[in-house]
Every structure is written in structure tokens, then in C-alpha cells.
Amino acid sequence: MTLQTIVIPDEIKQLEHSSAAVRLIDLANDRIESFMLANDSVSDNFVPCDFHLLDQALTWIEQNHLLTGNRFCEFGSGFGVAALLTSLRAMESVGIEIEANLVQQASTLADDLGLSAKFFCGSFVPRDISGMLELGRDVEHVEIHEDDVYEEIGLGLDEFDLFFAFPWPGEHHFFEAVFEAGAPLNALLLSYRGRDGMHLLRKE
């Protein structure tokens, strides 16, 4: 099994957003700003993604028929915007986040927008993947010692078709290792890498 890079063209920045996606992104950005200003307990690790570029990447994936199924999982979901954007596309979407206050914010945002995405508090690293403790030892911003949240979700890592992650610089290898070890064949991992934009992998 290998991870194959799928090149996302720069032209995705020309793709239009649906009115529902614009509303979601605007509302999320407003709430993120308010949350970060008002909440002294905000995690230092919380940094918002470029949600407009994310939406365009999801549109490109959809237009090019790259998905093999309808289930989506967001690793480290924060306010859950990726899960909510895929929920707009009628995907069965979940987000996994270690910070309980962010899980609550994502769930409230989903309720206010009438979207079906669900959010769970815990680590996205399954307990049954061997070698994760060793691999994650030097990863500063990922929690790997929590209970297995997939039991609560009712789905295993190998039952999702598309994943999204926003790793800290230098930590993308850990997310990719979790994806490679647990995701099914032909699943996709979309990640945001800041100034380097979106990166897409397929497990083959």
C-alpha cells in the first residue's frame, strides 16, 4: 500500500462558492474571531484554516469524481467547518476534536445552520493501530492517549472515504501515517499546509 499524490491545480481558486458555503464560512469566521477574543482558555494550537480554499478544493474533488463513498472525517476539527462544508454536499460527516469547548462551538454552528455533521470529543488516533505511540512521541500538538472515540462514533477509521486535516508545520507525516495505517483503499486525505495550499493523497 502506498500514498499517491493527486495534484490540485491552482485554477481551483477560480471556482465559485455556493451561497450556503459563503454563509457558513462568514458565520464561522465571525464566531472564531469572537471566540478567540473573548475566551481566555483558547488553545494556543487553534489556528483557522483558509476555508474558502478548502471549499474550492472540495468542489474540485467532487467535480472530478474522485470520491469512492459518502463518508467524511475531519481530524482535529476545531469549529468543524470542513465537516460542515462536506455536510452541505450531502456527505455523512463527522469531526473529531480533543478540545471540548471547540466541539461545543462546532455542534452549535451545525445546529444553527441546520446541518447534519456530528462532532465528537477525543483523539482521532485509533487505539488498535500499532506503532502510533512511538510515531507520535515527537508530535507536539496531537493527543494519542485518549479513549477510542470511534466506538462512540459507531464507525471505524476504515469506513470513511475522505479525510481532512490541518497539521502544524512538520507534523503532516503523523496524520499521513494514521491515514495510511487505518483508512481503506482508495480513500482520500486532503490537508491544508498554509502557504503551500491544499495537498491531496489517495491510499492505493
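Of note:
- Scanning the range 64-118 for residues that are among the acidic types (Asp, Glu), within 10 Å of the chain's Cα centre (by Cα) and over 17 Å from Gly154 (Cβ atoms) yields one hit, Glu97.
- Odd one out for Glu176 among (1) open to solvent by 70 Å² or more (accessible area, probe 1.4 Å); (2) at pLDDT 90 or above; (3) acidic (Asp, Glu): (1)
- Test: Cys73 is touching a strand residue (DSSP E or B) at 6+ places or on another chain (Cβ under 8 Å), surrounded by fewer than 22 Cβ atoms within 10 Å (Cβ to Cβ) and under 30 Å from Leu185 (Cα atoms): no
- The requirement of being open to solvent by 50 Å² or more (accessible area, probe 1.4 Å), in contact with a strand residue (DSSP E or B) (Cβ under 9 Å, 6 or more places away or on another chain) and more than 15 Å from Met198 (Cβ to Cβ) is fulfilled somewhere in the range 54-67, by at least one residue.
- Single residue of the range 34-68 satisfying the filter (aliphatic (A, V, I, L, M) and more than 21 Å from Phe164 (Cα to Cα)) that is modelled with the lowest pLDDT: Val42
Listed here are the residues, each with its yes/no results for (1) touching a residue at least 40 places away in the same chain (Cβ under 8 Å); (2) not hydrophobic (A, V, I, L, M, F, W, C).
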site	(1), (2)
Asp158	no, yes
Ala165	yes, no
Phe174	no, no
Ala177	yes, no
Ala181	yes, no
Asn186	yes, yes
Gly194	no, yes
His199	yes, yes
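The values are calculated or read from the model by the stated rules, or taken from the named source; none is laboratory data. Since we're looking at a predicted model, the values are computed, not measured. FYI the Cβ positions are ideal-geometry reconstructions off the backbone, even for glycines, and counts take in every protein chain you see. Remember, those area values only see protein heavy atoms, side chains included, never the ligands or the DNA or RNA. Shrake-Rupley method; radii C 1.70, N 1.55, O 1.52, S 1.80 Å.
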